[in-house]
Every structure is written in C-alpha cells, then in structure tokens.
C-alpha cells in the first residue's frame, strides 16, 4: 500500500507543478487552488509512504514520477518538445525509478 500511495503522490506532484505554471505567478485563482490542494495531498502522501519505504528511495521515486509526468503533460499540451534524447532520458529515469522498487 505504501508504494501505491507513493506513486499517487508522485502523480499529484505533476498536477501541482503543472498548476503552478498555469497560475502565472499566483495570479489565476483556479490553478492556485489546484496547486495548493494537490501539493498538500502530494506531500502528505509522501510522508505517509515514508513510514514503510526508506526516505531516500521514497523521495527519489516521488520526484522521478512527478518529473516524468510533468514533462509528458507539457509535451502533450504543446508547451515543450520531445526529441529523441529527451525521450531516452525519460525512459532511463523511469527505469531508475522502477529499479529502486525492485531492489527495495
């Protein structure tokens, strides 16, 4: 259950990062609310997951999931380009995150 909560918290990290960018410097209320709620839930989930997963592993997985999803959302929205090198690096990051699960 710790791993499920950790991955969901990583997804919420991508939500809050995307909402933060959409808030345009905290000037748009709806993205600010999404940012605040998703960030709170993301950090609470991370903290709960750390009860059963070592801190270094939990934090690396949380950041990795959030980073990959944040990039993918930006690519899907047309805000960033995804070249071959970036795609390979994202695949490598996913592999590293999965590897942390395997060796834990």
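Derivation of every value follows stated rules applied to the coordinates shown; laboratory data play no part. Everything quoted here is computed from the prediction, not taken from an experiment. Reconstructed Cβ throughout: ideal geometry from the backbone, glycine too, with neighbour counts over all protein chains shown.
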Residues in region 12-34 that are crowded, with 16+ Cβ neighbours inside 10 Å and in contact with a helix residue (DSSP H, G or I) (Cβ under 7 Å, 6 or more places away or on another chain) total 12
Of the residues in region 75-93, those that are under 23 Å from residue 46 (Cα atoms) and surrounded by 13 or more Cβ atoms within 10 Å (Cβ to Cβ) come to 90, 93
Original post:
Is at least one residue of region 26-45 under 12 Å from the mean Cα position of the chain (by Cα), under 17 Å from residue 98 (Cα atoms) and touching a residue at least 12 places away in the same chain (Cβ under 8 Å)?
Top reply: no
What do you reckon, is residue 37 surrounded by 13 or more Cβ atoms within 10 Å (Cβ to Cβ) and either touching a helix residue (DSSP H, G or I) at 6+ places or on another chain (Cβ under 7 Å) or farther than 12 Å from residue 10 by Cα (or both)? yes
